[in-house]
Each structure stands twice: as structure tokens, then as C-alpha cells.
1. Just need a number here: residues in segment 45-77 that are among the basic types (Lys, Arg), surrounded by fewer than 19 Cβ atoms within 10 Å (Cβ to Cβ) and assigned to a helix (DSSP H, G or I).
2. Checking Gln42 against (1) modelled with pLDDT of 95 or more; (2) in a helix (DSSP H, G or I), which test does it fail?
3. Tell me which of these Thr18 doesn't satisfy, since it passes every other one: (1) surrounded by fewer than 20 Cβ atoms within 10 Å (Cβ to Cβ); (2) at pLDDT 90 or above; (3) among the β-branched types (Val, Ile, Thr).
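The values are calculated or read from the model by the stated rules, or taken from the named source; none is laboratory data. Worth saying up front: this structure is predicted, and the values here are computed from it rather than measured. Cβ: placed from backbone, ideal geometry, glycine included. Neighbour counts: every protein chain shown.
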Amino acid sequence: MYQDTISDAGSNGLHFITGTYDLDTKEAALAAYEEAIQLAPQESAFHYHKGNILEQLGRLAEAQRCYAEAYRLGHKA
């Protein structure tokens, strides 16, 4: 199953993809979010959606840290 949403992530011009993916695609999405966070570490949406991918991968402790950082940066779910 593949379902995605592409959204603008603020004024920095970066975009993100969320959805349900197979394992290879989830790993690719995770890598993309990690790169996006390197480029825009204050963008809460990147941390939040990285947390979503980690949760789908069963990496719950890491996901929780991403969610905490997203909310610290002001993310509104």
C-alpha cells in the first residue's frame, strides 16, 4: 500500500512526504527527513513526521524523542 501527502513546510521552501510505505520506502523517507532536519533543524514538522516514520518502523523510543522535539519547537498536531 502506498499513500502519500506532499505539503509545504513553511517559508524555507522544503517539502515533506508522509503516508504508509513499504520498508524500503520508509527507510528512504527516514533518510530524507534526517537530511531535511540537517538543513532546517528548527522546522518542527520534519521532527514530527520523522517520528511518524520511526513509529511505523517500530522504533518507538526514537519516535517519542522526535515528537518531543517537534512539540518543543512548537508543532501543533
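1. First, the residues of segment 45-77 that are among the basic types (Lys, Arg): 50, 59, 65, 72, 76.
Those still in the list that are surrounded by fewer than 19 Cβ atoms within 10 Å (Cβ to Cβ) too: 59, 65, 72, 76.
Still in the running and assigned to a helix (DSSP H, G or I): 65, 72.
Residues meeting the conditions: 2.
2. Exception for Gln42: condition (2).
3. (2)
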